[in-house]
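Here the structure is laid out as structure tokens; the discussion comes afterwards.
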Amino acid sequence: MVARTALILTHNQAEADDLAQETLIKAFKSLDRFREGTDMRSWLATILRNTRIDRIRAAGARFTVPLEADVQDISEPAVDNSAAWSNPQAMLDGFSDEQMIRAMQSLPEEMRWALLLVDVEGLDQADAARIMGVPVGTVKSRIHRGRAMLRNALLA
Amino acid sequence: MNSENSQQPGVPDLSQQQVRLDEATADRLGKLRSMPIDLSGLQRAVRAQIAEAGVVQTRWRSFWAWQQRPMRAIAASIIIFLAVAGAMLYSSGRPAIASVAQIVQLHEDLVSGRVAATSVQTIEEANRVLASESSDAPSLPNVPDDHQMACCMRTIQNKKVACLLLKGESEPVTLTVANAADMHMPAVPSVTHGGAIYYLQAVGSLNMVMEQRQDKWLCLIGRISSDRLIAIAQGLHF
């Protein structure tokens, strides 16, 4: 899960390996802080996310949420109603994993996290909200907006 | 799935089509969970780092603190330890997953010349060239004579694969051969022809056909139809 999430986040094998390695070592070193009853995947995802934020900050970039990530009044992209999406399942299955990951790169970081945690990893929205430190409603909004942006990116 | 059908505060009212789109998108993203991941580099790095004395000492110091914790918490920690470290350390001997992305990359590299391949006239010559590159190179099957051929050894997730570029078709085709024990077939659709099972994958205009025959894993990839690739595969003989 850690390696996969890191790869989808970074879309760069070497960078993903570094991120996953740092995450696993941090997890290993802080085993005694793991609380009984905590979901292991959520715990690892939290460490991965914090590690990712630290690395982005260390690289000099500010870890910010683009305004569009939290826009509530979402106007759906016109492409969603096009004939191309008449059979969305078949349409999406026609894209390779590589194409899906590449399209994910066009999303703001926080939307990517929401889709990664909920849609890719199958965590529930409450867990995702805890990991991301935001209300559940914000996660719902980011997921909805992120999926629409992802579909647009796939056809771009 | 994770889609929300009921209206919640802050969530837009979705049309039926929008719900279908969202569910399909969530389903497709969920399929990334079965995506093959190359863990070889990460395994090496984590193995090296965990082996460092500092990490081990930290764990021993923590061990005494664990004694003060309830047994269930200790058990949970042990599970975490096994999941995080154990799986990473002891999985390197397992078969690799035939990563579609890596095979596509390998084919593109061979066709574009980014990877050096030796031109050969016969399969016997190709097998000699490959054996000189690696003593345990998987042997190539015989192919029809009407192909220009070039071969080389590569690795996919630390597993050796023999590659043969075939130029007799309308488009170049790459044949990749590995020992079956080294390579897992990915979860992709399959068809049966003449009693043999062929696993099919398409990436853009590239088609890929994989087969397990005796102790070998074979893969043919190229910008030709999967039917033509299967026909080529049927003409291969060890």
If each of B:V19 and B:L200 carries a label point 7 Å out from its Cα toward its Cβ, how far apart are those two points in nm?
3.4 nm
Taking every C-alpha to C-alpha distance in the range B:96-234 and binning by 10 Å from 0, the per-bin percentages run 12, 48, 36, 4
Karplus (6.51, -1.76, 1.60) ³J(HN,Hα), θ = phi - 60°, over the range A:88-93, in Hz, Gly and Pro reported as x:
x, 4, 5, 4, 6, 5
Taking 8 Å as the Cα distance limit and 6 or more residues as the minimum spacing, I'd like the relative contact order of the range B:176-238 as a percentage.
29 percent
Other chains near A:18-26: what is the mean number of their Cβ atoms within 10 Å of each residue's Cβ?
5
Considering only the range B:96-234, what is the antiparallel percent among its DSSP beta bridges, to the nearest 5?
95 percent
All other residues with a Cβ under 15 Å from the Cβ of B:R154 taken together, and with Lys, Arg as +1 and Asp, Glu as -1, what is their net charge?
-3
Sorted by Cβ density within 10 Å, fewest first, the residues B:H193, A:H144, B:H237:
B:H237, B:H193, A:H144
Can you give me the distance in nm between label points at B:A116 and B:A48, each placed 7 Å from the Cα along the Cα-to-Cβ direction?
2.6 nm
Could I have the simple spin-label model distance between B:T192 and A:N50, label points 7 Å from Cα toward Cβ, reported in nm to one decimal?
5.4 nm
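Rounded to the nearest 0.05, what FRET efficiency is calculated for A:A90 and A:A126 with R0 set to 25 Å and r the Cβ-Cβ distance?
0.20
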How high is the FRET efficiency from A:H11 to B:H237, r the C-beta distance, R0 41 Å, rounded to 0.05?
0.50
Take each of the peptides A:89-97, A:18-26, B:147-155, average the number of other beta-carbon atoms within 10 Å over its residues, and list them starting from the highest.
A:18-26, B:147-155, A:89-97
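All of the numbers you see were taken from the coordinates with simple rules; none came from a lab. This structure is a prediction, so every number in the text was calculated from the model and none was measured. With ideal geometry, Cβ positions are generated from the backbone for all residues, glycine too; neighbour counts draw on all protein chains shown.
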